[in-house]
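The values are calculated or read from the model by the stated rules, or taken from the named source; none is laboratory data. Worth saying up front: this structure is predicted, and the values here are computed from it rather than measured. Cβ atoms come from the backbone with ideal geometry, glycine included; neighbour counts cover every protein chain shown. Heads up: the accessible areas ignore ligands, DNA and RNA and are worked out on the full protein's heavy atoms, side chains in. Shrake-Rupley method; radii C 1.70, N 1.55, O 1.52, S 1.80 Å.
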Amino acid sequence: MKPFIYADNAATTQLDTAVFESMVPWLTDEYGNASQQYAFARAPKKAIAEARSTIAACINALPEEIYFTSGGTESDNWAIKGSVFFDEERKEIITSRIEHHAILNACEAVKRLGYPVLYLEPDTEGVIHPETLRQIITNQTRLTSIMLANNEVGSIQPIMKLCVIAHEHGSLFHTDAVQVVGHMPIDVREVDVDLLSASAHKFNGPKGVGFLYIRKGTNIGAFNDGGAQENGLRAGTENVAGIVGMAKALKDNCEQIEKYQHKMIALEKIFIKTIKEAGLDFIRNGSDNHLPGSVNLSFRNSNGELLLHRLDLMGIAISTGSACDSVNTQVSHVIQAIKVPEEYARGTIRVSFGKYNSEEDAEAIGRALVKILK
Ligand code: PLP
């Protein structure tokens with residue numbers, strides 16, 4: 001069999017075996033609907049409550065501040081639409097040019113309904129500077145939404161400073177932390193955000209489940225109307241197996257977070273060293289303060305798609321940027337926004353390591369790239 005190296009962990013991650021095993025009983029024997037009154041509903045109801053507490057503890061939230069969703073896209077849509085549709089006075093949203101399309105397209109949708117949206121530009125390292133927010137925020141701003149780390153170039157944003165400015169102007173602050181939860185420590189009390197999005201499949205949990213942290217007392221409307229689930233704010237029979245699996249994956253990853261971060265940095269170094277030593281002409285995109293394991297490179301006079309396909313033939317899975325952009329052959333909106341020079345921009349790829357990658361993988365990807373580009 002052809003060797004296979006998976007290095008697209010920013011797109012999705014491998015489900016942990018222990019996580020899968022924790023989910024099975026809720027799909028087979030304990031299939032009761034947690035909203036029912038009889039004894040058979042008690043175990044799933046308890047499992048959901050325990051998962052909520054486990055997840056809350058991982059980010060220093062209260063259990064009642066965790067709302068289960070179908071993933072990052074839904075959490076982001078809820079944060080945007082739930083904030084602006086339920087405030088009569090303030091209508092404006094501020095976000096950045098480098099957000100995931102779950103934010104950008106949700107913002108465009110509310111813009112079409114008459115809600116003004118303003119966009120902050122990043123610097124060339126993909127960082128949103130607090131002064132740029134200070135220049136445009138007003139007392140009409142209902143929500144400021146800036147991601148915690150960028151999914152393409154990995155740059156970590158100065159969330160605490162941005163959040164202070166938003167609050168000074170009475171704006172809610174949301175952060176899309178989909179790439180960060182389970183990979184770097186997060187304390188919602190310390191960063192002081194009102195809303196935070198996360199998705200289980202980015203931290204070795206199952207696909208199709210995530211959560212939105214909603215700080216207690218935050219005025220936000222329901223996402224789904226229907227039953228009374230999720231405190232009446234997100235109706236729909238709960239995905240018990242998914243929720244249990246997400247809690248297990250997050251707890252397990254958070255217990256290993258420091259070890260994981262060191263490993264990611266070591267893999268990055270091996271990979272970069274291999275291509276540097278071969279004298280390839282490339283730019284590493286993003287800031288020094290970045291998501292561990294996320295490496296975005298632009299090779300001069302090259303073509304990212306071609307590199308992706310050549311690596312694919314060699315049994316290596318990486319991406320050209322955002323997974324959601326995979327049908328789009330244009331230079332990604334992030335690479336455009338950070339102004340990567342034209343002769344490099346088209347040759348952009350993203351290698352994102354995960355906990356199942358080895359040092360051999362990192363070196364092999366580097367060597368494969370050298371072979372293709374030389
Ligand atoms: N936000 C960011 C930053 C992401 O990277 C992603 C997924 O790529 C999402 C949101 C969407 O998450 P999901 O795939 O769970 O809908």
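Can you tell me which of G126, G82, G114 is surrounded by fewer than 19 Cβ atoms within 10 Å (Cβ to Cβ) and small (G, A, S)?
On the way: G126 fails: surrounded by fewer than 19 Cβ atoms within 10 Å (Cβ to Cβ); G82 fails: surrounded by fewer than 19 Cβ atoms within 10 Å (Cβ to Cβ).
The match here is G114.
Can you go through T12, T73, T17 and tell me which one is more than 16 Å from the ligand (Cβ to nearest atom), among the β-branched types (V, I, T), open to solvent by 20 Å² or more (accessible area, probe 1.4 Å) and closer than 28 Å to F353 by Cβ? Spell out how you get there, then give the answer.
On the way: T12 fails: more than 16 Å from the ligand (Cβ to nearest atom); T73 fails: more than 16 Å from the ligand (Cβ to nearest atom).
After ruling out the rest, the residue left standing is T17.
Looking at region 30-47, is at least one residue outside any helix (DSSP H, G or I) and under 16 Å from the mean Cα position of the chain (by Cα)?
At the first step, the residues of region 30-47 found to be outside any helix (DSSP H, G or I) are 30-38.
If we keep only those that are under 16 Å from the mean Cα position of the chain (by Cα) as well, we get none.
Within region 30-47, not a single residue is outside any helix (DSSP H, G or I) and under 16 Å from the mean Cα position of the chain (by Cα).
Are there any pairs, at least 6 apart or on different chains, whose C-beta atoms fall under 9 Å, with the first in region 145-165 and among the charged types (D, E, K, R) and the second in a helix (DSSP H, G or I), and if so, which?
E152/D325; E152/H333; E152/V334; E152/I335; K161/P130; K161/L133
Got a sec? Which of E89, E152 is in contact with an Asp or Glu (Cβ under 9 Å, 6 or more places away or on another chain) and not assigned by TED's automatic domain parsing to the domain that holds P341?
That would be E152, the only listed residue that is in contact with an Asp or Glu (Cβ under 9 Å, 6 or more places away or on another chain) and not assigned by TED's automatic domain parsing to the domain that holds P341.
Select, from H183, H169, the only residue that is in the same structural domain as N239 (by TED's automatic domain parsing) and within 29 Å of E88 (Cα to Cα). Talk me through it step by step, then tell me what you get.
Working: H183 fails: within 29 Å of E88 (Cα to Cα).
Selected residue: H169, the only one of H183, H169 that is in the same structural domain as N239 (by TED's automatic domain parsing) and within 29 Å of E88 (Cα to Cα).
So which residues in region 77-100 are over 14 Å from V117 (Cβ atoms) and within 13 Å of the chain's Cα centre (by Cα)?
Once the filter is applied, which keeps residues that are over 14 Å from V117 (Cβ atoms) and within 13 Å of the chain's Cα centre (by Cα), region 77-100 yields I98, H100.
If we keep just the residues of region 129-144 that are more than 16 Å from I80 (Cα to Cα) and touching a residue at least 40 places away in the same chain (Cβ under 8 Å), which is most open to solvent (accessible area, probe 1.4 Å)?
Within region 129-144, the match that is most open to solvent (accessible area, probe 1.4 Å) is N139.
Which is in a helix (DSSP H, G or I), touching a strand residue (DSSP E or B) at 6+ places or on another chain (Cβ under 8 Å) and more than 18 Å from A10 (Cβ to Cβ), of I283, I220, I270, I243?
On inspection, the qualifying residue turns out to be I243.
Out of region 72-100, which residues are in contact with a helix residue (DSSP H, G or I) (Cβ under 9 Å, 6 or more places away or on another chain), part of a loop (DSSP other than H, G, I, E, B) and not basic (K, R)?
F85, I98, E99, H100
Among the residues of region 223-239, count how many are among the hydrophobic types (A, V, I, L, M, F, W, C) and either open to solvent by 40 Å² or more (accessible area, probe 1.4 Å) or part of a strand (DSSP E or B) (or both).
Filtering region 223-239 down to residues among the hydrophobic types (A, V, I, L, M, F, W, C) leaves 223, 228, 233, 235.
From what's left, either open to solvent by 40 Å² or more (accessible area, probe 1.4 Å) or part of a strand (DSSP E or B) (or both): 223, 228.
Residues meeting the conditions: 2.
Pick from G114, G126, G170: which is within 16 Å of the ligand (Cβ to nearest atom) and assigned to a loop (DSSP other than H, G, I, E, B)? Steps first, answer last, please.
Numbers: G114 fails: within 16 Å of the ligand (Cβ to nearest atom); G170 fails: within 16 Å of the ligand (Cβ to nearest atom).
Result: G126 is the single residue among G114, G126, G170 that is within 16 Å of the ligand (Cβ to nearest atom) and assigned to a loop (DSSP other than H, G, I, E, B).
Limited to region 76-111, what total is found for residues that are away from the ligand (no atom under 16 Å from the Cβ), of a type in the set (K, R) and touching a residue at least 40 places away in the same chain (Cβ under 8 Å)?
2
For region 177-205, name all the residues that are open to solvent by 10 Å² or more (accessible area, probe 1.4 Å) and either within 12 Å of the ligand (Cβ to nearest atom) or closer than 19 Å to P292 by Cβ (or both).
V178, Q179, H183, M184, P185, I186, D187, V191, H201, K202
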